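This report concerns only the one structure given below.
The values are calculated or read from the model by the stated rules, or taken from the named source; none is laboratory data. The structure presented is a predicted model; accordingly, all values stated were derived computationally and were not measured. Here the Cβ is made from the backbone with ideal geometry for all residues, glycine too, and neighbour counts use every protein chain on show. Quick note on the areas: whole protein, heavy atoms, side chains included, nothing else; ligands and nucleic acids left out. Shrake-Rupley method; radii C 1.70, N 1.55, O 1.52, S 1.80 Å.
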Amino acid sequence: MSAKVVVVGQGYVGLPLALAAAEAGYQVVGIDTDLDRVSSLAAGRSPIGDISDSYLAAQSLFYRVSSDFGDAAGADVVILCLPTPLDASRNPDHSLLLAGAKAVSSKLAAGALVINESTVSPGFTRDVLGPIFAGHDLAYSPERIDPANKNWNVKNTPKLVSGLSDSARSRAVDFYSKFVSAVSTYSSVEVVETAKLLENSFRLVNISFINEIAEFCDKMKIDVREVIAAASTKPYGFMPFFPSAGVGGHCIPVDPHYLVAKAREIGASTRFIDLANQVNLERPSYFVGKAAGILGTLSGKKIVVIGVAYKPDVADVRETPAEALISLLRSAGADVVWHDHVVGQWKGEASAALGAGYDLAVLVNPHSETDLDALGSVPVIDTRGGL
Ligand SMILES: NC(=O)c1ccc[n+]([C@@H]2O[C@H](COP(=O)([O-])OP(=O)(O)OC[C@H]3O[C@@H](n4cnc5c(N)ncnc54)[C@H](O)[C@@H]3O)[C@@H](O)[C@H]2O)c1
């Protein structure tokens with residue numbers, strides 16, 4: 001197989017995809033504007049927990065990394081895996097995606113297959129990327145990667161595909177079918193764009209719902225985890241979600257805003273998402289109230305927040321609820337440190353040692369290897385539920 005594949009953005013989504021394509025025999029160039037990331041990858045060091053250095057090395061025959069968009073020349077397939085965050089007003093920020101799209105489009109010969117994997121508002125692929133990639137086949141296929149998930153990865157998670165033309169759709173199916181076990185197609189890119197946002201909005205709404213139920217159970221002095229376990233014995237019509245200090249990461253707290261923005265534009269309502277966002281953002285202050293209930297005053301109290309990554313066993317702190325929790329505890333006068341041996345350094349601070357000298361510990365996302373026994377008899381608030 002000699003097709004040249006260019007993956008723009010070598011982050012949590014783009015790097016595993018690029019390496020899976022290389023493993024399938026495509027000639028892959030990963031392009032990224034972060035020079036530290038590019039030199040680390042070029043030196044054989046993976047910046048992502050799910051990708052080992054040995055797996056990276058094993059693909060070196062068919063994979064190389066570059067910071068030069070000139071390396072996209074002659075590409076048969078281009079995949080956009082660029083960040084789509086929120087701006088300061090929590091509205092969609094497509095600027096990084098647009099910058100990467102424009103940079104690569106100027107290097108392509110007519111007729112390339114371009115696939116966007118970045119999360120976008122419905123209509124964006126057709127209305128905004130369409131004109132940029134005029135003269136090419138343009139497809140959309142959202143990424144569903146779940147970092148640190150040992151069972152589901154880029155190769156066995158079913159892929160949704162649609163295109164602006166039949167040719168774009170069928171070329172995209174051919175491309176993915178070489179290394180993804182299940183690829184399904186849909187009638188329009190808008191269907192697939194909306195499906196991606198439905199998946200993540202579904203999680204946001206249900207996690208916020210269980211967080212509200214957790215507060216109810218707390219007041220009832222019953223264990224919400226036991227309640228969830230009991231409800232989960234129902235063989236149909238129930239799916240468990242688990243309490244937390246709030247949703248974090250690049251997807252669940254962010255992507256629903258891409259649906260909300262489109263809904264505002266077309267005059268549709270998003271009341272469930274709006275309420276879920278509100279419940280989610282209020283979660284850290286709920287635990288500050290609980291801390292004050294245990295300690296009386298928070299002023300001068302030594303509190304350790306444990307697990308500041310947005311989920312266990314990853315180093316990713318994007319949108320972590322630990323940030324608001326720490327800041328609110330500090331505003332209340334507490335002397336707060338955090339412990340997270342996977343994150344290590346964050347916001348100019350280093351992970352503090354665990355020990356028995358704290359007045360309170362708040363568990364946000366402890367990792368599998370976090371040594372909670374080191375806390376001894378320190379009182380603990382577990383934001384994940386339980387008494
Ligand atoms: N992380 C996830 O778990 C996940 C899951 C599903 C979907 N997504 C979606 O995938 C997309 C990418 O997310 P991610 O988590 O991989 O982001 P990321 O931040 O990990 O990676 C993006 C990479 O793009 C690079 N970049 C930024 N601007 C660039 C430019 N103009 N040209 C080239 N490179 C550029 C960055 O340096 C970075 O390495 C987003 O739309 C996200 O919503 C992410």
Would you point out the residue of region 206-230, among those that are open to solvent by 40 Å² or more (accessible area, probe 1.4 Å) and of a type in the set (A, V, I, L, M), that is nearest to PRO253 (Cα to Cα)?
ILE213
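Pick from region 223-253 the residues that are out of contact with any helix residue (DSSP H, G or I) (no Cβ under 8 Å at 6 or more places or on another chain) and within 16 Å of the ligand (Cβ to nearest atom): which of them is farthest from PRO142 (Cα to Cα)?
At the first step, the residues of region 223-253 found to be out of contact with any helix residue (DSSP H, G or I) (no Cβ under 8 Å at 6 or more places or on another chain) are 225-226, 229-237, 249-250.
From what is left, the residues that are within 16 Å of the ligand (Cβ to nearest atom) are 249-250.
Numbers: GLY249: 17, HIS250: 14 Å.
Selected residue: GLY249.
Look at region 77-123 and say how many of its residues are among the basic types (Lys, Arg), at pLDDT 95 or above and surrounded by fewer than 16 Cβ atoms within 10 Å (Cβ to Cβ).
Looking only at region 77-123, we keep the residues that are among the basic types (Lys, Arg), and these are 90, 102, 107.
Those still in the list that are at pLDDT 95 or above too: 102, 107.
The next check asks that each one be surrounded by fewer than 16 Cβ atoms within 10 Å (Cβ to Cβ); those that pass are 102.
Selection size over region 77-123: 1.
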Of the criteria (1) open to solvent by less than 20 Å² (accessible area, probe 1.4 Å); (2) in contact with a Leu (Cβ under 8 Å, 6 or more places away or on another chain); (3) among the aliphatic types (A, V, I, L, M), which one VAL308 fails:
(2)
Counting only residues that are within 16 Å of the ligand (Cβ to nearest atom) and of a type in the set (Asp, Glu), which one in region 314-336 is farthest from GLY296 (Cα to Cα)?
ASP316
Does VAL336 satisfy the criteria of being among the β-branched types (Val, Ile, Thr) and either surrounded by fewer than 20 Cβ atoms within 10 Å (Cβ to Cβ) or within 22 Å of the chain's Cα centre (by Cα) (or both)?
no
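Can you tell me which residue in region 132-164 is nearest to SER106 (Cα to Cα), limited to those that are basic (Lys, Arg) and open to solvent by 40 Å² or more (accessible area, probe 1.4 Å)?
In this case the residue turns out to be ARG144.
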Mind checking whether some residue in region 15-34 is of a type in the set (Phe, Trp, Tyr) and either surrounded by 16 or more Cβ atoms within 10 Å (Cβ to Cβ) or under 22 Å from ARG169 (Cβ atoms) (or both)?
yes
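Without any contact (Cβ under 8 Å) to a residue 40 or more places away in the chain, in the same structural domain as ILE79 (by TED's automatic domain parsing) and open to solvent by 50 Å² or more (accessible area, probe 1.4 Å): does that describe SER177?
Criteria met by SER177.
Where in region 124-214 are there strands (runs of 3 or more DSSP E), lying wholly inside it, with at least 3 residues that are away from the ligand (no atom under 16 Å from the Cβ) and either of a type outside the set (A, V, I, L, M) or modelled with pLDDT of 95 or more (or both)? Break it down into steps so the answer makes sense when it comes.
Values: elements: 137-140, 159-163, 183-185.
Where strands (runs of 3 or more DSSP E) fall fully within region 124-214 and carry at least 3 residues being away from the ligand (no atom under 16 Å from the Cβ) and either of a type outside the set (A, V, I, L, M) or modelled with pLDDT of 95 or more (or both), they are 183-185.
Determine, yes or no, whether ALA245 is of a type in the set (Gly, Ala, Ser) and under 24 Å from the mean Cα position of the chain (by Cα). Before the answer, list the steps.
Working: of a type in the set (Gly, Ala, Ser): yes; under 24 Å from the mean Cα position of the chain (by Cα): yes.
Answer is yes for this residue.
If a residue must be at negative phi and either among the charged types (D, E, K, R) or in contact (Cβ under 8 Å) with a residue 60 or more places away in the chain (or both), how many such residues does region 19-32 contain?
Narrowing region 19-32 to residues at negative phi: 19-24, 26-32.
This time we only want the ones that are either among the charged types (D, E, K, R) or in contact (Cβ under 8 Å) with a residue 60 or more places away in the chain (or both), so: 20-21, 23-24, 26, 31-32.
Total satisfying the criteria: 7.
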All positions within region 360-374 that are open to solvent by less than 60 Å² (accessible area, probe 1.4 Å) and assigned to a loop (DSSP other than H, G, I, E, B):
VAL364, ASN365, PRO366, HIS367, THR370
Do we have SER167 as free of Cβ contacts under 8 Å to residues at least 40 places away in the same chain, surrounded by fewer than 16 Cβ atoms within 10 Å (Cβ to Cβ) and in contact with a strand residue (DSSP E or B) (Cβ under 6 Å, 6 or more places away or on another chain) here?
yes
Pair list, Cβ under 9 Å, 6 or more apart: region 61-83 residue on the phi > 0 side of the Ramachandran plot, other residue part of a strand (DSSP E or B) and more than 11 Å from the ligand (Cβ to nearest atom):
GLY74/LYS4
Please verify whether region 235-248 includes one or more residues that are closer than 30 Å to ARG126 by Cβ, in the same structural domain as SER327 (by TED's automatic domain parsing) and open to solvent by less than 20 Å² (accessible area, probe 1.4 Å).
yes
